[in-house]
Amino acid sequence: MATESAAKAVTLTILEYKLPVLYKSPGYGTLFARLGSKQTVIGIEDRLFGKLEYGGLTCGDVVEFYGGEGCGKTEMLLHLLIKCIMPDNFHGISMNGRSMSVVYIDCDYRFNLLRLISILEQRYCKACQGVNQMLVKLSEEFIRICLQRFYIIRCDSIHQLIASLHWLEGSISNNPDIAVMLIDGIGSFHWQDKFCSSNGVDQLCKIVKYLCDEHNLVVLATKSAIKKQFDNTRSSRKPRRKSDIPIPYSSNNSKHMEYMPNVWRKLVKYRYILTKFDGFNSEVSINANYPAISSTYSVILDQTLSVEISECFNITEEGIRFK
């Protein structure tokens, strides 16, 4: 399959810090590129951002996805990553992508390359249905083109993360196509840093702010909820009837508990709360090959704005599917 062959070809180049290859001595073309504007990120995911001011995210915005363990935060980042790196059109097939380069910072070591490749392949094959089945053979080429826009950094300490962001500035300066930075686990090192009293998280947030202001990056980050906060909701995860499945709740009832420093609180422009519910799914129960119990996820905009965004979704083999 294209998934296996593409994975063998790109694993070494992606996981072994592909970004240093990007750094070159700045020339006149690079300087003009830095003076230009970043590619617009409007249209990445209208179900989440379409009702925001200006019709979507704008350069310099910082978005936080907040929730307990297993509520779909990493999958949501993966969904938005794929939206960014896919082309808008591939050999005449509409893929509805943005053709943007993305930097993915994995602080929790949860990123799965094979999962990314598998979703890309399935979405491409699905788009080929009813158009031209011969183009299915080009799935490996499609995956390679997408992965050329994807760069990953993995960090296991706050100091490594800070050093990576400092070094990353040079690569972003020389590559104006990088318009989005994804951070999976922005608060992963908070408690470790607090115990050591190194103020590393404060430095991290200031660097992120600098990159947003100086290079017009859009930052999408996940932040895990404090475990104690969600202990009382475990009873709500038991199987229930279809009529008992809760709808996405109002942002006024959210239980966000901030533990990051003030500089991060001021930096976040939009915060989305993710929640997982286990319940009856009528679509699944029709097919006897699948269990009657499935997981439903909700994501809401937790912000005091004139607009309210509330969506439900499932996580499938093709990635996130909004209802």
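What the table below lists for this structure:
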{"quantity": "The stretch 51-76: number of residues that are of a type in the set (Lys, Arg), farther than 29 Å from residue 118 by Cβ and outside any loop (DSSP other than H, G, I, E, B)", "calculated": "0"}
{"quantity": "The stretch 298-323 - residue that is of a type outside the set (A, V, I, L, M, F, W, C) and open to solvent by 60 Å² or more (accessible area, probe 1.4 Å) and, of those, modelled with the lowest pLDDT", "calculated": "304"}
{"quantity": "Inter-residue pairs, beta-carbon under 9 Å, first within 10 Å of residue 90 (Cβ to Cβ) and in the stretch 126-138, second of a type in the set (Gly, Ala, Ser) and open to solvent by 40 Å² or more (accessible area, probe 1.4 Å), 6+ apart", "calculated": "127/94; 135/92"}
{"quantity": "Residue 295 vs. criteria farther than 17 Å from residue 50 by Cα, at pLDDT below 90 and touching a strand residue (DSSP E or B) at 6+ places or on another chain (Cβ under 8 Å)", "calculated": "yes"}
{"quantity": "Test: residue in the stretch 268-290 that is among the basic types (Lys, Arg), out of contact with any Cys (no Cβ under 9 Å at 6 or more places or on another chain) and modelled with pLDDT under 65", "calculated": "no"}
{"quantity": "Candidates 186, 172 - the one that is touching a His at 6+ places or on another chain (Cβ under 7 Å) and surrounded by 16 or more Cβ atoms within 10 Å (Cβ to Cβ)", "calculated": "172"}
{"quantity": "Given (1) open to solvent by 60 Å² or more (accessible area, probe 1.4 Å); (2) outside any loop (DSSP other than H, G, I, E, B); (3) under 22 Å from residue 311 (Cβ atoms), number of the condition residue 144 does not satisfy", "calculated": "(3)"}
{"quantity": "Verdict on residue 177 being in contact (Cβ under 8 Å) with a residue 40 or more places away in the chain, of a type in the set (Asp, Glu) and within 24 Å of residue 72 (Cα to Cα)", "calculated": "no"}
{"quantity": "Scan of the stretch 81-95 for residues that are touching a residue at least 24 places away in the same chain (Cβ under 8 Å) and either among the aromatic types (Phe, Trp, Tyr) or surrounded by fewer than 15 Cβ atoms within 10 Å (Cβ to Cβ) (or both), ordered by number", "calculated": "90, 91, 92, 94"}
{"quantity": "Tally, over the stretch 189-207, of residues that are buried (at least 23 other Cβ atoms within 10 Å of the Cβ) and in contact (Cβ under 8 Å) with a residue 60 or more places away in the chain", "calculated": "2"}
{"quantity": "Residue under evaluation residue 129, criteria (1) within 15 Å of the chain's Cα centre (by Cα); (2) open to solvent by 10 Å² or more (accessible area, probe 1.4 Å); (3) not acidic (Asp, Glu), criterion not met", "calculated": "(1)"}
{"quantity": "Test: residue in the stretch 113-122 that is free of Cβ contacts under 8 Å to residues at least 24 places away in the same chain and of a type outside the set (Val, Ile, Thr)", "calculated": "no"}
{"quantity": "Among residues of the stretch 306-323, those that are touching a helix residue (DSSP H, G or I) at 6+ places or on another chain (Cβ under 7 Å) and in a strand (DSSP E or B), counted", "calculated": "5"}
{"quantity": "Criterion (open to solvent by 30 Å² or more (accessible area, probe 1.4 Å), part of a helix (DSSP H, G or I) and either out of contact with any helix residue (DSSP H, G or I) (no Cβ under 9 Å at 6 or more places or on another chain) or of a type in the set (Phe, Trp, Tyr) (or both)) met by exactly one of 47, 123, 115", "calculated": "47"}
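The values are calculated or read from the model by the stated rules, or taken from the named source; none is laboratory data. These figures come from a predicted structure and were not determined experimentally. No Cβ is skipped: glycine too gets one built from the backbone with ideal geometry, and neighbour counts run over all protein chains shown. Accessible surface is based on the protein model in full, side chains and every heavy atom, while ligands, DNA and RNA are left aside. Shrake-Rupley method; radii C 1.70, N 1.55, O 1.52, S 1.80 Å.
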